[in-house]
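**Student:** Questions regarding the structure given below will be posed in turn.
The values are calculated or read from the model by the stated rules, or taken from the named source; none is laboratory data. This one's a predicted model, so the numbers in the text were calculated from it and none came from an experiment. Backbone-built Cβ (ideal geometry, glycine too); neighbour counts: all protein chains shown. Just so you know, the surface numbers come from the protein's heavy atoms only, side chains and all, with ligands and any DNA or RNA stripped out. Shrake-Rupley method; radii C 1.70, N 1.55, O 1.52, S 1.80 Å.
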Amino acid sequence: MINLIGTYEGKADAKGRLLLSNALKKQLMPVLQEGFVIKRSVFQPCLELYPMPEWNAMMSKVNTLNRFVKKNNDFIRRFTAGVKIVELDSLGRLLIPKDLQVFADINKNVVLSSALNIIEIWDKDKYEKAIDDATVDFADLAENVMGNVNENEDGIS
């Protein structure tokens, strides 16, 4: 499993090509040759870039769902909607497919934000708004999500 770190700003050109920063490429070096999968985010108006090994691990989980259960089938269809395989070109640029550019409203200024093992690709203004909106209730969110996680049995982490 890859653990990515950092938030990077960039610019998409008129064709939707996005140059990855050297710092990000360095982190992705072990998986660069395997390619990536890009898709719509489930919860936000952004895109998710999966290194191929991470995508394959996710698909292994999805593959355990019973396709004869309607909600599972609906989930799979929606989760994989708009999925594309992408690679970096010889200049280190990623081509964002047009339909996904439209979905995420990516025009020029872009933020690439690490989200553990994937990269979220955002329109810069939408990213800033999402971060600002999240700060209001982030303390509550952190407590709800991480508050019951203890590294030690005595409750001291």
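**Student:** Could you give me the residue pairs with C-beta distances under 6 Å whose first residue belongs to segment 33-48 and is closer than 14 Å to ALA130 by Cβ, whose second residue is open to solvent by 50 Å² or more (accessible area, probe 1.4 Å) and among the basic types (Lys, Arg) wherever it lies, and which are 6+ apart or on separate chains?
**Tutor:** Correct list of pairs: PRO45/LYS126.
**Student:** Filter segment 62-74 down to the residues that are within 28 Å of MET1 (Cα to Cα) and of a type in the set (Val, Ile, Thr), then identify the one that is most open to solvent (accessible area, probe 1.4 Å).
**Tutor:** My answer is THR64.
**Student:** Same structure, new question: For segment 28-61, give me each residue that is open to solvent by 20 Å² or more (accessible area, probe 1.4 Å), more than 12 Å from the chain's Cα centre (by Cα) and hydrophobic (A, V, I, L, M, F, W, C).
**Tutor:** Selection gives MET29, LEU32, MET52, ALA57, MET58, MET59.
**Student:** Do we have THR80 as touching a residue at least 60 places away in the same chain (Cβ under 8 Å), surrounded by 11 or more Cβ atoms within 10 Å (Cβ to Cβ) and hydroxyl-bearing (Ser, Thr, Tyr) here?
**Tutor:** Spelling it out, it is not the case that THR80 is touching a residue at least 60 places away in the same chain (Cβ under 8 Å), surrounded by 11 or more Cβ atoms within 10 Å (Cβ to Cβ) and hydroxyl-bearing (Ser, Thr, Tyr).
**Student:** Could you check, for segment 55-77, whether at least one of its residues is touching a Pro at 6+ places or on another chain (Cβ under 7 Å), of a type in the set (A, V, I, L, M) and more than 20 Å from ALA104 (Cα to Cα)?
**Tutor:** At the first step, the residues of segment 55-77 found to be touching a Pro at 6+ places or on another chain (Cβ under 7 Å) are none.
Among the residues of segment 55-77, not one is touching a Pro at 6+ places or on another chain (Cβ under 7 Å), of a type in the set (A, V, I, L, M) and more than 20 Å from ALA104 (Cα to Cα), which makes the answer no.
**Student:** OK, next. Would you confirm whether any residue within segment 60-83 is under 24 Å from LYS126 (Cα atoms) and either in contact with a Gly (Cβ under 6 Å, 6 or more places away or on another chain) or in a strand (DSSP E or B) (or both)?
**Tutor:** Among the residues of segment 60-83, not one is under 24 Å from LYS126 (Cα atoms) and either in contact with a Gly (Cβ under 6 Å, 6 or more places away or on another chain) or in a strand (DSSP E or B) (or both), which makes the answer no.
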